[in-house]
Amino acid sequence: MRNTPSDRDALFLGLDSSTQALKATLIDAELRVVREGAVRFDDDLPEFRTEGGAHRHPDGLTVTSPALMWVAALDLLLERMKREGWPRDRVAAVSGSGQQHGSVWLRRGARAALRGLRAERGLREQLAGVFALEDSPIWMDSSTGRQCAARERAMGGAQAVAGVTGSRAYERFTGNQIARIFEERPGVYAATDRIALVSSFVASLLAGDYAPIDVSDGSGMNLMDIRARKWHPAALECTGPGLERRLGPLVPSHTVIGPVSPWLAARHGFRPDCQVVAFSGDNPNSLAGLRLRHTGDIAVSMGTSDTVFGSLADPKPSASEGHIFVNPVEPEAYMAMVVHKNGSLTREQVRDRQPGGSWEAFETALRGTPPGNEGRIGFYITEPEITPPIMRPGDYRFDAAGRTAEAFDPAADARGVVESQFLSMRLHCANIGLTPKSILATGGASANASVVRIVCDVFGVPVFVGEQPNSAALGAAYRALHGWTCRRQGRFVTFAEVVAKAPPFRRAAEPDPAAHAVYTQMLPRYAALERRVLAG
Ligand code: XUL
């Protein structure tokens, strides 16, 4: 057997089985990225005929991906690593990320097939027959409205479901997907030995055995008690019979689940003592990749949608907004995630109304208008909003006296849209217990200094900026290092210690106390106007 790599030479691999690609990021012990690679499902595996990695079904609601495609992608990725000479024999630990909520249905005999993999053949050839369901429901599926309603009835209402599982019943959440399969395809359910998440399934392929679901990705199922970090009996009960046995155990996210399979060592040159750390969901891994290491660190990602996620100690799960998951790097803590659908497209529409329609004009408008917009408040809804659920698109404007206003001048609209988006974020984050101590701003709009200024003043905390491409794969690599370090030292080592060497993000803004006070005063008025808009 080869010698253990010295700690200095050790490398850590993170995989990310996302909707459209399987990505890999390899880091060294100094946390530098040394290699990156990706297999794109549509282009590299055209025989599965996916679009954006998925199949959209004629009912307009069902969305699936072929489970065997994820296996084929891993074969291809590992072959490329071999061809490109990635130093696999220095990899001390591997972890990974999977798109959240997707489920993989394994029939009896799958475990023996995983344990008995033969080195002379690829995974695809040996595992083609292990699926009880060839097409895995994924997070884009919204076909389970009936099952969601039934869950909420059975468990005492939407707030009761949220209180226990961290989220009200959502169509894409795995428990509701499982309930639908049980109802509509009882033969599939009966033939199933194990239901894995995408994350735990890919971990199984590396470990050569069933891998447990980690408590962070497990929080996206509507089946787990997020406080006890255990399957919740009543939530299982209303889903399908014999479910606990089919789901297997739950483990903390930093758990080393075992060494890599003899197959991976013999066929792909990994060390037989390379450790597999439990895989988790893509959002939990991104939290790790953005190094949100302390309670109160939050990330605001400004893209097509604006997504906020962050670490918190005392969550307030809500039926009306957001999700609470167990934190993937701080076992006692939680993470919250809130999605606002009206993000950059909405800002762009308001930008187009500025003279010249450029971002420069938008910045000039922000610089030329005062914090609080002289009492004017607008709600700019281009697409039906998730948080809060404003379904009817349109611009809703109010003057300082709370009267409906037909129009604002373009500069007031520029300030109005940005202030409104971040006041909404502050309000709804606070509703689920997320109060930031620092913000990491990422995504397109984080390059705009005047937008960053408003985020900073609305929340009243310092804002850092930085891009972290492939944050889920990188987060998985960090988590591999984290799990490996905890195992090595025989104690829980904080994630903050483990990622201390990573280069800091740039500190971009400090709050202005006077502007922050304006926003704090504005918040109750904003909340009242939001209720008016919601009431129609
Ligand atoms: C989270 C969600 C998506 C998926 C795919 O709840 O549905 O973000 O994790 O990225």
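The values are calculated or read from the model by the stated rules, or taken from the named source; none is laboratory data. These figures come from a predicted structure and were not determined experimentally. Reconstructed Cβ throughout: ideal geometry from the backbone, glycine too, with neighbour counts over all protein chains shown. We work out accessible area using only protein heavy atoms, side chains counted, and drop any ligands, DNA or RNA first. Shrake-Rupley method; radii C 1.70, N 1.55, O 1.52, S 1.80 Å.
Which members of the stretch 213-241 meet the condition of being out of contact with any Leu (no Cβ under 6 Å at 6 or more places or on another chain), part of a strand (DSSP E or B) and within 16 Å of the ligand (Cβ to nearest atom)?
Listed by number, the residues that qualify are D214, M224.
Is it the case, given these coordinates, that A401 is surrounded by fewer than 17 Cβ atoms within 10 Å (Cβ to Cβ) and out of contact with any Gly (no Cβ under 7 Å at 6 or more places or on another chain)?
yes
So, of the residues in the stretch 329-352 that are more than 14 Å from the ligand (Cβ to nearest atom) and of a type in the set (V, I, T), which turns out to be farthest from T165 (Cα to Cα)?
Filtering first and then ranking leaves V350.
Working only within the stretch 306-316, note down all residues that are surrounded by fewer than 24 Cβ atoms within 10 Å (Cβ to Cβ) and not hydrophobic (A, V, I, L, M, F, W, C).
Result: T307, D314, P315, K316.
Scan the stretch 97-125 for residues that are part of a loop (DSSP other than H, G, I, E, B) and either under 26 Å from N470 (Cα atoms) or within 16 Å of the ligand (Cβ to nearest atom) (or both) and report the count.
Total meeting the criteria: 4.
Among the candidates S301, S311, which residue alone is in contact with a His (Cβ under 7 Å, 6 or more places away or on another chain), part of a strand (DSSP E or B) and among the hydroxyl-bearing types (S, T, Y)?
S311
Yes or no: L68 among the hydrophobic types (A, V, I, L, M, F, W, C) and under 19 Å from A265 (Cβ atoms)?
Details: among the hydrophobic types (A, V, I, L, M, F, W, C): yes; under 19 Å from A265 (Cβ atoms): no.
Criteria not met by L68.
What pairs come out if I take residues in the stretch 285-311 that are more than 24 Å from S17 (Cβ to Cβ) and of a type outside the set (A, V, I, L, M) and pair them with residues that are open to solvent by 10 Å² or more (accessible area, probe 1.4 Å) and in a helix (DSSP H, G or I) whose C-beta lies under 6 Å away, six or more apart or interchain?
Hits for this filter: R293/A496.
Out of everything in the stretch 288-325 that is under 20 Å from S471 (Cα atoms) and in contact with a Lys or Arg (Cβ under 6 Å, 6 or more places away or on another chain), what residue ends up being farthest from the ligand (Cβ to nearest atom)?
G296
The rows are residues; the columns are (1) in contact with a Phe, Trp or Tyr (Cβ under 9 Å, 6 or more places away or on another chain); (2) open to solvent by less than 10 Å² (accessible area, probe 1.4 Å); (3) in contact (Cβ under 8 Å) with a residue 12 or more places away in the chain.
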| position | (1), (2), (3) |
| --- | --- |
| A412 | no, yes, yes |
| L427 | yes, no, yes |
| N431 | no, no, yes |
| G466 | yes, no, yes |
| S471 | no, no, yes |
| A476 | yes, yes, yes |
| L481 | yes, no, yes |
| T485 | no, no, yes |
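Among (1) modelled with pLDDT of 95 or more; (2) on the phi > 0 side of the Ramachandran plot, where does G296 come up short?
With respect to (1) modelled with pLDDT of 95 or more; (2) on the phi > 0 side of the Ramachandran plot, G296 is out only on (1).
May I ask you to say which residue of A128, A169 is over 25 Å from K316 (Cα atoms) and at pLDDT 95 or above?
A128
Out of all the residues in the stretch 253-267, is one or more at pLDDT 95 or above and within 16 Å of the ligand (Cβ to nearest atom)?
Yes.
For the structure I just gave you, tell me whether A169 is open to solvent by 10 Å² or more (accessible area, probe 1.4 Å), out of contact with any Ser or Thr (no Cβ under 6 Å at 6 or more places or on another chain), farther than 30 Å from P262 by Cβ and of a type outside the set (D, E, K, R).
no
When you go through E183, E171 one by one, which is the residue that is of a type outside the set (S, T, N, Q), away from the ligand (no atom under 16 Å from the Cβ) and not in a strand (DSSP E or B)?
Of E183, E171, the one residue that is of a type outside the set (S, T, N, Q), away from the ligand (no atom under 16 Å from the Cβ) and not in a strand (DSSP E or B) is E183.
Which of the numbered conditions does D282 fail, given that it passes all the others? Conditions: (1) within 17 Å of R487 (Cβ to Cβ); (2) of a type in the set (D, E, K, R); (3) buried (at least 19 other Cβ atoms within 10 Å of the Cβ).
Exception for D282: condition (1).
For the stretch 1-56, what are the residues that are of a type in the set (S, T, N, Q) and crowded, with 16+ Cβ neighbours inside 10 Å?
Result: S17, S18, T19, Q20, T25, T50.
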